[in-house]
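Working notes for the structure below.
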Amino acid sequence: MNISSNRGIFIVMEGVDGAGKSTQVQLLGRAFSAAGREVVLSKEPTDGPWGSKLRESASTGRMSLEDELNHFVQDRKQHVEELITPSLQEGKVVIVDRYFYSTMAYQGARGADPQEVRSTMLEFAPEPDIVFLIDIDPAISIRERVAESRGDEPNEFEQVETLQRVRTIFNEMAKAEPHFS
Ligand code: TYD
């Protein structure tokens, strides 16, 4: 990859909760800035209306799978239209903490068919140039997160058992997908 060309570069960081994605996103962003590139860091769910509702639901009672899928998809549509696509068109390096692979893995762990979700609900989402999957045992990542006392104790989204299923789906995807690293 030529990091000093003017073309936009779209990078995605994926992994289970507590895998350290946000740290890697920051480090990667700094490296691209040091190479003279304009960098945009972002994450999903976003802080927009759909993403905010999703965060609320983690504490007020989880939505049905169908509603949850719809919220993640709508949140992503807005993210793609308002931030990701325009930034790439301006030649920026866009680094996103979670993207549609999280929907496939997390909502897949809840019972949705990951490939069906991708082919029926996510066609609008551009493919990243590269996806980094941070593979860590959820039993360890969650323990470390609590030890760091980040204030976000394991909630409904963060049950270790569910995250084991999420991890398995991520790893299956990584074997099949050309963009994974
Ligand atoms: P977030 O607030 O980013 O938490 P974290 O900092 O732990 O990554 O995300 C909240 C949860 O949303 C997280 O457990 C993963 C989940 N999620 C999905 O279930 N589907 C999705 O499509 C996305 C983007 C996230």
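Observations on the structure shown:
- Spatially close Lys pairs in the chain, defined by Cα atoms under 25 Å apart and a spacing of eight or more places or different chains, total 11.
- Treating r as the C-beta distance of residue 23 and residue 177 and R0 as 35 Å, the FRET efficiency rounds to 0.90.
- Packing-based ranking, highest mean first, of 91-103, 130-142 given that Cβ atoms within 10 Å are counted: 91-103, 130-142
- Fraction of accessible area attributable to carbon and sulfur, the chain (%, probe 1.4 Å): 49
- For the chain, the longest principal axis of the Cα atoms and the long axis of helix 138-147 meet at an angle of about 90 degrees.
- Accessible area per residue in Å² at 1.4 Å probe, computed on segment 36-127: 46
- Sequence-ordered 3J(HN,Hα) estimates for segment 21-28 from the Karplus curve with 6.51, -1.76 and 1.60 and θ = phi - 60° stand at 4, 5, 5, 5, 4, 4, 5, 5 Hz, glycine and proline given as x.
- For the chain, with +1 on Lys and Arg beta carbons and -1 on Asp and Glu, the positive-most of 78, 181, 15 along the dipole: 181
- Peptides 13-19, 58-64, 41-47 ranked from most to least packed give 13-19, 41-47, 58-64, packing being the mean of other C-beta atoms within 10 angstrom over each peptide's residues.
- Cα long-axis angle, helix 160-176 against the chain (0 to 90 degrees, to the nearest 10): 40
- Each residue of segment 120-131 was assigned a 3J(HN,Hα) from its phi angle through the Karplus curve 6.51 cos²θ - 1.76 cosθ + 1.60 (θ = phi - 60°); the sequence is 9, 10, 10, 4, 6, 8, x, 6, x, 6, 8, 10 Hz, with glycine and proline shown as x.
- Cα centroid separation - segment 165-179 against segment 109-141, whole Å: 7
- Percent RCO, i.e. relative contact order, over segment 37-181, from Cα pairs under 8 Å lying at least 6 residues apart: 27
The values are calculated or read from the model by the stated rules, or taken from the named source; none is laboratory data. In this text, all values refer to a predicted model and were calculated from it rather than measured experimentally. Ideal geometry is used to build each Cβ from the backbone, glycine not excepted, and the neighbour counts take in all protein chains shown. In case anyone asks, the SASA skips ligands and DNA or RNA and just uses the protein heavy atoms, side chains included. Shrake-Rupley method; radii C 1.70, N 1.55, O 1.52, S 1.80 Å.
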